1. Which of the residues that make up the stretch 243-287 are open to solvent by less than 90 Å² (accessible area, probe 1.4 Å) and in contact with a Gly (Cβ under 7 Å, 6 or more places away or on another chain)?
2. Kindly indicate the residue of the stretch 176-221 that is open to solvent by 30 Å² or more (accessible area, probe 1.4 Å) and polar (S, T, N, Q) and also farthest from the chain's Cα centre (by Cα) among those meeting that condition.
3. Under 7 Å between Cβ atoms, which residue pairs at least 6 apart in sequence (or on different chains) link something in the stretch 166-183 that is within 16 Å of Gly375 (Cβ to Cβ) with a partner that is part of a loop (DSSP other than H, G, I, E, B)?
4. I'm checking my understanding of the structure. Among residues of the stretch 41-51 that are surrounded by 15 or more Cβ atoms within 10 Å (Cβ to Cβ) and not in a loop (DSSP other than H, G, I, E, B), which one is farthest from the chain's Cα centre (by Cα)?
5. Could you name every one of the strands (runs of 3 or more DSSP E) located completely within the stretch 169-245 that has at least 1 residues being over 30 Å from Arg315 (Cβ atoms)?
6. Can you give me the number of residues within the stretch 1-40 that are open to solvent by 30 Å² or more (accessible area, probe 1.4 Å), in a helix (DSSP H, G or I), over 13 Å from Ile120 (Cβ atoms) and out of contact with any Pro (no Cβ under 8 Å at 6 or more places or on another chain)?
7. Just the residues that are within 21 Å of Gly334 (Cβ to Cβ), touching a helix residue (DSSP H, G or I) at 6+ places or on another chain (Cβ under 6 Å) and of a type outside the set (A, V, I, L, M), please, taken from the stretch 147-197.
8. What's the number of the only condition in (1) of a type in the set (Val, Ile, Thr); (2) touching a residue at least 60 places away in the same chain (Cβ under 8 Å); (3) more than 30 Å from Ala117 (Cβ to Cβ) that Val226 fails to meet?
Amino acid sequence: MMKELLAAADEIAEDLTAWRRDFHAHPELSFEEVETTRKVVELLTSFGYRNLHIGAEGVPTGVVADLGNARGRCIALRADMDALPMEETGTCVYRSQNPRVMHACGHDAHTAMLLGAAKILKEREDQLPGRVRFLFQPSEESPHRSGARALVAQGALEGVDAVAGLHVWSGLPSGVVGYRPGPSMASADEWACTLTGKGGHGAMPHETVDPVVAASALVTMLQTVVSRRIAPLETAVVTVGKIEAGTTFNIIPEKAFLQGTVRTFNPEVRRRIPELMERIVRGVAEASECRADFTYNNVLPPTVNDGAFTEMARRVGEELFGAEMVRLAEPTMGAEDMSFYLERVPGTFLFLGVGNEARGITKPQHHPEYDIDEGVLPRGCALLAGLAVRFLEGEGA
């Protein structure tokens, strides 16, 4: 059935492109995807879907739709729908019509491809030996208010045996499928620290307790968490992304504020890092005679792909597109709230290449000129549908 699915996806290539361009031209921020949701509901209804569940966290954004019968397995297929708070500077005819909002991460393509999978699978519903649940998820770009976590909390994974999704990836050539068993994307946590000293004149530092000097020492010392306290074969990042202090050149301020992120693949490393960081913060503060207020928030867990399911996904990709178009992907320290689904049920999160140097499509995700090679849309549609069919046939776990 794989080649049949690919042929069916190719037949709706123009629709996939039109849907994606419509979403791209009308982007909406996290938990504001009301119009996007309306369009998804309209299309699903036209395909023959009924009893759609709409909304998450009391907001009318996001859609869950079911297909198939109650017998056999159930697989969930997921796409995110939200855009980023940034101005698009590209010149494509379908550029964003909403000021300071842009689909710069490919969620417009994800939504279009999942709609395509829903359409071609609906047309073959009587051939499915189980159920498919389609998760059109709001709010992936706002990790503190994760749409995945919201859908899980309201029961989107109840009765689901596996989950799959894909992310368009500008770092891979157009049409290439990237897979990786085990940890694929990192956790993403957030920390903040306020150092309070005693302000005064910049010409009289001996009469002050300078939090800027303490903050400077802290930036350096925090790097020893990874370089000296975490095993060299482990992977971790401690980043200071923001420093705020002072109002002018000749005043030593009373406070300095630092904020950053921590990334790792290993849950045990993730558990240890906050304690190691806080110990350094307290030590630097004491040595500097400052008071320290340190907070650490676990935001997103690592995205960990199930080995058996991911191996099945590799075979499906090779059957659809040929072995030369399927590659083992490098892990990335970027993070995804797909992790909340994969914490609960086995599955995989794949990458689909959309970079095309010949067409000048080379900008990375989150760039104001970001775009994709739309020729991959039928491939993503067929890949999602193929994963569902093959899993329901008994493979993958």
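The values are calculated or read from the model by the stated rules, or taken from the named source; none is laboratory data. Computed from a predicted model, the values in this text were never measured in an experiment. All Cβ positions, glycine included, derive from the backbone under ideal geometry; neighbour counts span all protein chains shown. Please note that ligands, DNA and RNA were not included when accessible areas were found on the heavy atoms of the full protein model with its side chains. Shrake-Rupley method; radii C 1.70, N 1.55, O 1.52, S 1.80 Å.
1. Of everything in the stretch 243-287, those that are open to solvent by less than 90 Å² (accessible area, probe 1.4 Å) and in contact with a Gly (Cβ under 7 Å, 6 or more places away or on another chain) turn out to be Asn250, Ile251, Ile252, Pro253, Gln259, Gly260, Thr261.
2. Within the stretch 176-221, the subset open to solvent by 30 Å² or more (accessible area, probe 1.4 Å) is 179-181, 183, 190, 194, 198-199, 201-207, 210, 212-213, 216-217, 219-221.
From what's left, polar (S, T, N, Q): 194, 216, 220.
Details: Thr194: 29, Ser216: 32, Thr220: 30 Å.
This residue is Ser216.
3. From the stretch 166-183, the pairs are Val168/Gly106; Val168/Ile372; Ser170/Lys363; Ser170/Pro364; Ser170/Gln365; Ser174/Asp373.
4. Start the filter on the stretch 41-51 by keeping residues that are surrounded by 15 or more Cβ atoms within 10 Å (Cβ to Cβ), which leaves 41, 43-44, 47, 49.
Subsequent filtering for residues that are not in a loop (DSSP other than H, G, I, E, B) retains 41, 43-44, 47.
Details: Val41: 23, Leu43: 24, Leu44: 24, Phe47: 28 Å.
Result: Phe47.
5. Details: elements: 177-179, 182-185, 188-196, 236-245.
Here the list reads 188-196, 236-245.
6. Total meeting the criteria: 8.
7. Listed by number, the residues that qualify are Arg149, Ser174, Tyr179, Pro181, Ser187.
8. It is condition (2) that Val226 fails.
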